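Asker: Dumping the structure here so I can ask a few things about it.
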Amino acid sequence: ERKCILTGDWQNDLGSNMTISAVNGAGQFSGLYLTAVSATEKPILVSPLNGSQHVDNLEHPTFGFTVKWSFSDSTTVFVGQCFTDDHGKETLQTMWLLRVKAKSMDDNWKATTVGTNVFTRIKVQNM
Ligand SMILES: O=C1C=CC(=NNc2ccccc2C(=O)O)C=C1
């Protein structure tokens, strides 16, 4: 059957890469996110991510994770589901909320943006 464990390396449609570590028995995981985009001119650093996926039924599990951007005062939360096609190709179909730091309550209304991202697994070449 088509199990989907999130452990491994993924790339989204922006070209950002993420590495998800081992998923424990409770479905919890951590990892690192290397963004391909940046709203700042600061050097791109790796940002930590933490999340969890359903592991009770590994058929197309849902998950969520949070990226705390290490070089800006922003946070992105991703929520989505892992799908495996007939050829065994896995994709993570996600929606995200990006929260940038508002200077004041007056700017609170425009501080959260929403979008979609599809992640595909980065296959290691020498396999
Ligand atoms: O300093 C920053 C602040 C926000 C960022 N958001 N990236 C994202 C937001 C939503 C979905 C994907 C990404 C991405 O980087 O792939 C990246 C760097």
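The values are calculated or read from the model by the stated rules, or taken from the named source; none is laboratory data. Given the structure is predicted, the values throughout are model-derived calculations rather than measurements. Don't worry about glycine lacking a Cβ; one is built from the backbone with ideal geometry, like all the others, and counts go over all protein chains shown. In case anyone asks, the SASA skips ligands and DNA or RNA and just uses the protein heavy atoms, side chains included. Shrake-Rupley method; radii C 1.70, N 1.55, O 1.52, S 1.80 Å.
Asker: Mind jotting down a quarter of the surface of the convex hull over the alpha carbons of the chain, in square nanometres, one decimal?
Answerer: Orientation-averaged projected area of the Cα hull: 9.1 nm².
Asker: Please list, by residue number, everything in region 1-22 whose backbone N is under 17 Å from a paramagnetic label point 7 Å out along Cα→Cβ of residue 81.
Answerer: Flagged as within label range: 2-6.
Asker: Another question, if that's okay. For 47, 38, give the ranking by accessible area with the largest first, probe 1.4 Å.
Answerer: 38, 47
Asker: Let me ask something else about it. For a quick check of your reading of the filter: which GluC sites (Glu not before Pro) in region 1-91 sit in a DSSP loop and have no more than 12 other Cβ atoms within 10 Å?
Answerer: In loop regions of region 1-91 (DSSP not H, G, I, E or B), the sparsely surrounded GluC sites (Glu not before Pro) are 1, 41.
Asker: Where only protein heavy atoms count, and the probe is 1.4 Å, what is the accessible area per residue for region 44-127 in Å²?
Answerer: That works out to 64 Å² for each residue.
Asker: What lysines could a cross-link reach from residue 101, if we take a straight Cα to Cα line under 18 Å and drop same-chain neighbours fewer than 8 places away?
Answerer: Result set, ordered by chain and number: 42, 68, 110.
Asker: Just add up the charged neighbours of residue 76: K/R +1, D/E -1, any other residue whose Cβ is under 15 Å from the Cβ of residue 76.
Answerer: Counting the neighbours of residue 76, the net charge comes to +1.
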